[in-house]
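Please read the structure below before turning to the comments.
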Amino acid sequence: MSSHIVLCPNPKRDHDLILTRRAQELLAREGLSVCISPLAELDEKTIEGAKLVVTFGGDGTILHTARAVVKAGIPILGVNLGNKGFLAELEPDELPKLLEAARGNFSVERRMMSDVELVRGGKVIHRDCALNDAVLMRVLSTIRLTVYGDGHKITEFSGDGVILATPTGSTAYSMAAGGPLVEPSAENIILTPICAHMLAARSFVLAPDRRVAVRMGVLGEKQAILSVDGNTAIALKTNDEIRVRKSEYYTRLAHVGDKSFYDIAYEKLGRSR
C-alpha cells in the first residue's frame, strides 16, 4: 500500500471510532486509499508509504503520533476531540476539510523537536525526543536542581522541578508555570522553573544551539521523575543529568485552515469563559 492515508484514533477520545469511521467513509467515496490504525497500534509498517496521518483525539494523541512518524517525515493533521487542542487543525464539525488535505492541498508547518538524554554515572541510559517538553518533577518534597547551558551555570534552585520546552510546548505546562508564549515556528529552548523557592526565578528563552543540562541534587529519601511529552515517568537518582538539545528532526503539521497562532491562542486562552 503506497501513498495511503492513515487514520489514527485515540479510542479513549473517539469512542467506538465513530468519527474515524465517518472520515474513512468520506475519503473512500473519493477513491482514496485509507487504513485505520488506533494509537497503540501505530508502527513503522503501518506508516510506510503514507502521505498523511490524521489523528482523532487531543494534543496528547498528536504528541504520541509525532514520536512514531518523526523519522519518516509524514505530515500530521489533528482532529480535536480533546480540551484545548492547540495542535489540532480541525474540529469535528470541520471534517469535510479533511478531503482537501487528503488531496494534498495543505501547507506544512515544521515544528522544532528536542533530543533528551538521561545520563547516570557517565552513561546515557535513556534517549527520547520531545515535541512539547521534558519535565523534571518532584514526587513529594522539593528537589534541588542546577541548570547549565554549554557548561555554564544558568540557575540553581530548590522547588518542584523544571520544564525544558520547545516553542510548541510553550502553550502547555511551561505557560501554566509562568513561562512565555513563543511562536511555534521559532526555534528556542524554553527553561521554566516550577514553583522555585527563589524570588528571582524566571524563565529563560535560550538559543536553539544551546546544549542544556540539568543536574539533580542530593535526593536522599526524596523522589523525582523525568517525563517527556507526558509519557511514562522515569525515576531519577542523585547526580543524574538530563541533557536537552535541538533535534535534527522536525514534526510536520498539516495546515488547511486560515487560523494563525494568534487566533488560536486568543480562542483557547484569551477569551473569558
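Rounded to two decimals, what is Rg over Rh for the range 102-189 when you use alpha-carbon atoms and the Kirkwood radius?
Details: Rg = 15.7 Å, Rh = 15.0 Å.
With Rg and the Kirkwood Rh in hand, the quotient comes to 1.05.
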Original post:
By how many nm would the segment from Lys237 to Asp258 lengthen if fully extended, with 0.36 nm per residue of separation less the alpha-carbon distance?
Top reply: 2.9 nm
**OP:** Tabulate in residue order the Karplus-calculated ³J(HN,Hα) for the range 250-267, using 6.51 cos²θ - 1.76 cosθ + 1.60 with θ = phi - 60°, rounded to whole Hz; enter x for Gly and Pro.
**Re:** 10, 7, 10, 9, 6, 10, 10, x, 10, 7, 8, 4, 5, 4, 5, 4, 5, 5
Subject >> Environment charge at Gly217 (Cβ cut-off 12 Å; Lys +1, Arg +1, Asp -1, Glu -1) >> reply: +2
Subject >> Positive-end residue, the chain charge dipole about Cα centroid, Cβ charges, pick of Tyr250, Val124, Cys8 >> reply: Val124
Original post:
What accessible area per residue comes out for the range 129-273, rounded to a whole number of Å², with a 1.4 Å probe?
Top reply: 49 Å²
Original post:
List the lysines whose alpha-carbon lies under 27 Å from that of Lys237, not counting same-chain residues fewer than 8 positions away?
Top reply: Lys123, Lys153, Lys222, Lys246
Subject >> Calculated from backbone phi, Karplus (6.51, -1.76, 1.60) coupling profile of the range 45-51 in Hz, x at Gly/Pro >> reply: 5, 5, 8, 4, x, 6, 9
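For the range 156-246, what is the charge dipole size about the Cα centre, in debye to the nearest 20, if Lys and Arg each add +1 at the Cβ and Asp and Glu each add -1 at the Cβ? Please list the in-between numbers first.
Working: 9 positive and 9 negative charges, 40 e Å.
Result for the range 156-246 is approximately 200 debye, rounded to the nearest 20.
So if I place +1 on the C-beta of Lys and Arg and -1 on the C-beta of Asp and Glu, and nothing else carries charge, what would the dipole magnitude of the range 41-144 be about its Cα centre? I want it in debye, nearest 20.
Details: 14 positive and 15 negative charges, 115 e Å.
Taking the Cα centre of the range 41-144 as origin, the dipole is about 560 debye.
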Subject >> Packing-based order for 49-60, 114-125, using average beta carbon neighbours within 10 Å, highest first >> reply: 49-60, 114-125
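How big is the charge dipole of the range 76-116 about its Cα centre, in debye rounded to the nearest 20, if each Lys and Arg gets +1 on its Cβ and each Asp and Glu gets -1 on its Cβ? Mind showing how you got there, number by number?
Values: 5 positive and 7 negative charges, 23 e Å.
With only Lys, Arg, Asp and Glu charged at Cβ, the dipole is about 100 debye.
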**OP:** Summarise the accessible area of the chain (1.4 Å probe, protein heavy atoms) by the percent that is carbon and sulfur.
**Re:** 48 percent
Subject >> Per-residue ³J(HN,Hα) for the range 117-128, Karplus 6.51 cos²θ - 1.76 cosθ + 1.60, θ = phi - 60°, Hz, x for Gly and Pro >> reply: 10, 10, 10, 9, x, x, 10, 6, 9, 7, 10, 7
**OP:** Take every Cα pair under 8 Å in the chain that's 6+ residues apart, average their separations, divide by the length, and report that relative contact order as a whole percent.
**Re:** 19 percent
**OP:** Rounded to the nearest 10 degrees, what's the angle between the helix 18-29 long axis and the longest principal axis of the chain, both from Cα atoms, 0 to 90?
**Re:** 50 degrees
**OP:** Collect residues whose amide H, placed 1.01 Å from N in the peptide plane, falls under 5 Å from the amide H of His126; neighbours closer than 5 in sequence don't count.
**Re:** Leu118
Subject >> Long-range HN-HN contacts of Ser141 with modeled amide H, under 5 Å >> reply: Gln223
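If I take every Cα pair under 8 Å that is 6 or more residues apart in the range 152-230, average their sequence separation and divide by the length, what percent do I get for the relative contact order? All intermediate terms of the calculation are to be shown ahead of the outcome.
Values: 105 pairs, mean separation 21.6, N = 79.
Taking the mean separation of contacting Cα pairs over the length of the range 152-230, I get 27 percent.
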Subject >> Sparse-neighbourhood loop sites, GluC sites (Glu not before Pro) in the range 160-249 - DSSP loop, at most 11 other Cβ within 10 angstrom >> reply: Glu221
Original post:
In degrees, nearest 10, range 0 to 90: what is the angle between the Cα axis of helix 59-69 and the longest Cα principal axis of the chain?
Top reply: 80 degrees
Subject >> Qualifying lysines (Cα of each under 24 Å from Cα of Lys45; at least 8 residues distant if same chain) >> reply: Lys12, Lys71
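The values are calculated or read from the model by the stated rules, or taken from the named source; none is laboratory data. The shown structure was predicted, so the numbers you read here are calculated from the model rather than taken from an experiment. Here the Cβ is made from the backbone with ideal geometry for all residues, glycine too, and neighbour counts use every protein chain on show. Note: areas computed on protein heavy atoms with side chains; ligands, DNA, RNA excluded. Shrake-Rupley method; radii C 1.70, N 1.55, O 1.52, S 1.80 Å.
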